[in-house]
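The values are calculated or read from the model by the stated rules, or taken from the named source; none is laboratory data. Predicted model only: the values in this text are computed from it and were never measured. Here Cβ is always computed from backbone atoms with ideal geometry, including for glycine, and neighbour counts include all displayed protein chains. What goes into the accessible areas is simple: the full protein's heavy atoms, side chains included, and nothing from ligands, DNA or RNA. Shrake-Rupley method; radii C 1.70, N 1.55, O 1.52, S 1.80 Å.
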Amino acid sequence: MVSDAEPAWSAETGQAGWIGERLAPFDAYVVTSVVPGGFEAYARVLHPAGEPLHGGGRVVRWAEVAAWSGLPLRPGSQFHSIALPRVRPEGEAPWTGQGPHRGSLYPPDAAILAGILRDWTTTPQRCWFCVWDGYGWDGVYLTASDGAAAAEPSSGRWPDPVPAEFRGGSRVELPNRDYLLHCGPVEAALATVGLGGGHQVANLWWPQDRAWFVATEIDLAWTYVGGPAGLIGQLLAETRIEALAAAPDDELDGIEDWVTARAEQTAGQLMSSGEATVTTSRGTLHASLERPGRLKSGILLVQITGDNGVTGSSSTRLRPQPEQDLREEIGHRLARDIIDLVGG
């Protein structure tokens, strides 16, 4: 789904001036760290576990994954909460690849959301949209947003779709993120879809009357919406998209207790033997540790092989520190790596 209209880029960054003062500190990492506080209600729109724009073949909703795993889909569920059961189910997993796409709402879902939001503002033709400025649209060699190589123009570089006056101009500056700004009717949230060979929907959008706000943090596999209780109720009842209730102080992400416990146990094994393997229902993680010394850093090496075709490796440098602090740092890193076996 590619928008028929080019983004109407804007230098009126003051239109976003109200946002920062209503955000919780970014390091609090709660819902209102990315979507302004003060709305009557909030919802979390889940990005599909699989969809054709990112190699998923068909649209797979989280509810289908939960039905496969037998795990409950709760308002606070992370993707691994339903996709990483302790015991492997008999049936084939319904999704392939790296799970929900982070940082962009699935464009067909964004179109549905825009249609709903249009009825909940007095200014549907006058809305504002922010797109993170780190997507690489400034003429460098680009790849598609799902990490696969994009169809290349003959020059090997994508022309910058952002006019020079806006590329070199001011940004909407919010904690930890800077954004380019464009404006238009509510449907212009999809105006950036197709730019750079990707499928990027606006990260932030709101109407001139500020009746609601949509936020897709670049590292999250869902999109938050804040607005009137009636709007949020409509989103939660909508069957064409998948949404869960959210609260302003909900954590943006979390780790299931059993994953944390498994990671802490594995960290202890690494501290004592230098090698450890974690086998889960969805793949295997192998880790090796070179402990830091008094005057030199250590290295944690991790390799993951997921049943969904996800493979990867990472290297984390570890500074000299007390034993307990080192163990906690390793445990935290391993928990994240275990989650990466299912993506999302």
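Note down the magnitude of the dipole of the chain about its Cα centre, charges +1 on Lys and Arg C-beta and -1 on Asp and Glu C-beta and zero elsewhere, to the nearest 20 debye.
Dipole magnitude for the chain comes out near 500 debye.
Mind ordering 187-193, 300-306, 252-258 by average Cβ neighbours within 10 Å, highest first?
The peptides rank, most packed first, as 187-193, 300-306, 252-258.
I'd like the Karplus ³J(HN,Hα) series for the stretch 280-295: coefficients 6.51, -1.76, 1.60, θ = phi - 60°, whole numbers in Hz, and an x wherever there's a Gly or Pro.
Karplus-based 3J(HN,Hα) across the stretch 280-295 equals 10, 5, 10, x, 10, 10, 10, 10, 9, 10, 10, 5, x, x, 5, 10 Hz.
Does the stretch 162-267 classify as rounded, prolate or oblate by the C-alpha gyration tensor (a ≥ b ≥ c root eigenvalues; a/c under 1.5 gives rounded; else a/b over b/c gives prolate, otherwise oblate)?
Oblate, since a/c reaches 1.5 and b/c is not below a/b.
May I ask you to give the percent of accessible area on the stretch 289-341 that is carbon plus sulfur, with a probe radius of 1.4 Å?
Taking all protein chains in place, the stretch 289-341 shows 47 percent carbon and sulfur surface.
Which values, in whole Å and largest first, are the semi-axes of the equivalent ellipsoid of the stretch 272-335 obtained as the square root of 5 times each eigenvalue of the Cα gyration tensor?
24, 11, 9
At a 1.4 Å probe radius, carbon and sulfur cover how many percent of the accessible area of the stretch 1-120?
51 percent
Take every Cα-Cα distance within the stretch 17-77, group them into 5 Å bins from 0 onward, and report for each bin the whole-number percent of pairs it holds.
4, 15, 16, 16, 13, 14, 14, 6, 1
Ordering S297, S272 by how much accessible area each has at a 1.4 Å probe, largest first, what is the list?
From most exposed to least exposed: S272, S297.
Quick one: what are the phi-derived ³J(HN,Hα) couplings along the stretch 237-253, Karplus 6.51/-1.76/1.60 with θ = phi - 60°, whole Hz, x for glycine and proline?
After applying 6.51 cos²θ - 1.76 cosθ + 1.60, I find 8, 6, 8, 7, 10, 10, 9, 10, 5, 9, 10, x, 9, 5, 5, 5, 9 Hz.
In the P(r) worked out for the stretch 210-252, what percent of Cα pairs fall beyond 12 Å?
Roughly 65 percent, once rounded to a whole number.
What label, among (i) 1.09; (ii) 1.23; (iii) 0.99, belongs to Rg/Rh (Cα atoms, Kirkwood Rh) computed from the structure on display?
Label of the calculated value: (iii).
Tell me which trypsin sites (Lys or Arg not before Pro) from the stretch 1-97 have a DSSP coil assignment and no more than 16 other beta carbons within 10 Å of their own.
The qualifying sites are R58, R86.
How much accessible area does T316 have with a 1.4 Å probe, in Å² rounded to the nearest 10?
Result for T316: roughly 30 Å² accessible.
Quickly work out the S281-to-I299 label distance, labels modelled 7 Å from Cα along the C-beta direction, and quote it in nm with one decimal.
3.6 nm
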